[in-house]
Structure formats: C-alpha cells, structure tokens
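First up is the structure itself, then whatever we jot down about it.
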Amino acid sequence: MVEISEAKLEDQEDLVEVLVPVFSDKALALLGDAEKAAILLPHILKAVEGITLLARENEKAVGAILVSVEPIKLPSEISTIMKKELGYFKALRAFRLMRDYERSLPKRKEKEALLEAVGVVEGFRGKGIGTELINRAEDWLVMQNIKHFGLSVKTSNPAVRLYSRLGFEKVSTFQNKLGHWIYMQKTLGSRS
Ligand SMILES: CC(C)(COP(=O)(O)OP(=O)(O)OC[C@H]1O[C@@H](n2cnc3c(N)ncnc32)[C@H](O)[C@@H]1OP(=O)(O)O)[C@@H](O)C(=O)NCCC(=O)NCCS
C-alpha cells in the first residue's frame with residue numbers, strides 16, 4: 001500500500017535516496033559527477049517554494065515529486081559549496097550549463113507552477129505511483145489557486161506519454177547544451 005505525504009525536513013535523506021539515483025544521468029551531464037548530486041540536492045530542496053511529496057510503500061521511500069510555484073533562487077553559498085565539492089572547473093561548467101538551460105526555458109506564466117522533478121524508484125515503476133504523485137501535487141496547487149502547471153521533459157523521455165495521459169499538452173520545444181526538450185502545460189481544474 002502506497003502512502004503519499006508532504007515531505008518534512010527530516011525526510012531529506014529519503015528524498016536524496018529516491019531522487020539521486022533516478023536523476024543520476026542528469027547529474028552526471030550537469031555536474032560531471034553523479035555522486036555529488038547527493039550533497040547539492042538538499043540545498044536545492046531547501047530553496048524550492050512549493051510542494052515536495054514523498055511516496056512510501058511499507059515505510060520505504062519509493063517516489064517523490066518536487067513542484068515550485070516561484071522561480072528557484074539558489075542560496076549564494078551554493079557557489080562556494082559547488083567549487084569545494086566539484087573543483088573550480090567542473091563548478092564553472094555546471095554554472096554555465098544551468099545558465100544556458102535557464103535562458104533556453106520558455107517564459108514562466110503568471111501563477112504557473114513548475115514540475116521540477118518526479119521520480120519513482122526502479123522496480124516500483126508502472127504501478128501508478130508517478131500518476132498519484134502528480135495528481136496529489138495538482139490537488140495542492142488547485143487549493144493554492146495556481147492556474148497553470150508546466151514542465152520540461154527531454155523529447156526522448158518515455159514520461160512524455162505519462163504527462164500527455166494526465167492532460168499536459170505540448171506547448172513548444174527548445175534545445176540547449178543538455179539536449180532537446182518539450183515544454184508541456186496543463187490548465188488546472190481541468191482534470192477529468
Ligand atoms: C516517469 C516516472 C516518474 C513515472 O512513474 P511511474 O510510477 O512509473 O508512473 P505510472 O505508473 O503512474 O505511469 C506509468 C507511465 O510512466 C511512463 N514511464 C516512463 N518511464 C517508465 C518506466 N521506466 N517504467 C514504467 N513506466 C514508465 C510510461 O509512459 C507509463 O505510461 P503508460 O502507463 O501509458 O505506459 C518514472 O518512470 C521515473 O522515475 N522515471 C525516471 C525519472 C524521470 O524521467 N522523471 C521524469 C522527468 S522529470
């Protein structure tokens with residue numbers, strides 16, 4: 001039986017455990033070192049204004065979703081932490097990639113939430129946990145009177161089909177140094 005609840009400060013370790021392996025390819029492309037994502041993720045989680053939900057099955061963390069309602073402002077010390085953890089050149093490369101990514105993103109609408117990340121642990125996929133996490137995040141956004149829910153997903157990611165099934169529509173495509181992306185959006189309150 002899967003239980004979904006809002007992640008608290010003490011759930012940080014579980015969030016890292018779920019999200020870091022799920023996004024190891026992305027972390028490798030961005031940071032040049034997938035393992036360091038575990039050190040940086042807590043700082044990103046703290047900076048997100050929005051909602052973070054965690055799915056557990058028999059106490060084991062099996063999925064998570066991170067949704068922002070405001071652009072993420074990373075704390076100023078992140079630059080020092082990244083230089084310390086990655087070394088100067090990898091940190092500089094990561095900052096350039098992030099800036100390039102942000103500049104390529106479609107403009108965020110007023111009252112638009114963004115799906116920053118959703119991940120389900122391998123072995124637990126295809127059982128509806130991802131769908132439930134997105135639906136629960138949506139319920140929260142509707143309560144906050146948020147009108148639009150957007151996301152960017154690599155064109156090659158099979159999750160595009162899941163998002164379409166949940167009512168997200170393709171708005172545009174864009175590309176940057178990390179690859180080719182689809183920007184999808186859903187007007188909230190329209191779930192059938
Ligand atoms: C995308 C993801 C969160 C879906 O979670 P899930 O619990 O498997 O989702 P559900 O069971 O609710 O729905 C399954 C759908 O997810 C999609 N999906 C994507 N990758 C999948 C995988 N490895 N296994 C099963 N389904 C996958 C399929 O389109 C499937 O749709 P279908 O039922 O029409 O075939 C999960 O596959 C995952 O963690 N993927 C890696 C991380 C990622 O790419 N996240 C999205 C980008 S931010």
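The values are calculated or read from the model by the stated rules, or taken from the named source; none is laboratory data. Owing to the predicted nature of the structure, the values given are computational and were not obtained by experimental measurement. Cβ: placed from backbone, ideal geometry, glycine included. Neighbour counts: every protein chain shown. When the accessible area is computed, the model is the full protein with side chains, heavy atoms only, and any ligands, DNA or RNA have been set aside. Shrake-Rupley method; radii C 1.70, N 1.55, O 1.52, S 1.80 Å.
Scanning the range 115-147 for residues that are touching a Lys or Arg at 6+ places or on another chain (Cβ under 7 Å) and hydrophobic (A, V, I, L, M, F, W, C) returns a single hit, Ile146. When Ser79, Ser24, Ser5, Ser68 are checked against the criterion of being among the polar types (S, T, N, Q) and surrounded by 15 or more Cβ atoms within 10 Å (Cβ to Cβ), a single residue qualifies: Ser68. Look through Tyr163, Tyr183 and report the one residue that is assigned to a helix (DSSP H, G or I) and either open to solvent by less than 70 Å² (accessible area, probe 1.4 Å) or near the ligand (Cβ under 8 Å from one of its atoms) (or both). It is Tyr163. Scan the range 27-57 for residues that are free of Cβ contacts under 8 Å to residues at least 24 places away in the same chain and assigned to a helix (DSSP H, G or I) and jot them down. Matches in the range 27-57: Ala27, Leu28, Ala34, Glu35, Ala37, Ala38.
If only residues of the range 126-160 that are open to solvent by 60 Å² or more (accessible area, probe 1.4 Å) and closer than 25 Å to Asn58 by Cβ are counted, the one that is farthest from the ligand (Cβ to nearest atom) is Asp139. Within the range 27-65, the set of residues being open to solvent by 50 Å² or more (accessible area, probe 1.4 Å) and under 20 Å from Gly128 (Cα atoms) comprises Arg56, Asn58, Glu59, Lys60. The numbered conditions (1) more than 16 Å from the ligand (Cβ to nearest atom); (2) of a type in the set (Ser, Thr, Tyr); (3) within 29 Å of Lys147 (Cα to Cα) are all true for Thr80 except (3). Go through the residues of the range 67-77 one by one and say whether even a single one is free of Cβ contacts under 8 Å to residues at least 40 places away in the same chain and assigned to a helix (DSSP H, G or I). Scanning the range 67-77, I find at least one residue that is free of Cβ contacts under 8 Å to residues at least 40 places away in the same chain and assigned to a helix (DSSP H, G or I), so the answer is yes.
Yes or no, residue by residue, for (1) closer than 24 Å to Ala7 by Cβ; (2) part of a helix (DSSP H, G or I); (3) within 16 Å of the ligand (Cβ to nearest atom):
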{"site": "Ala91", "(1), (2), (3)": "no, yes, no"}
{"site": "Ala94", "(1), (2), (3)": "no, yes, no"}
{"site": "Tyr101", "(1), (2), (3)": "no, yes, yes"}
{"site": "Lys107", "(1), (2), (3)": "no, no, no"}
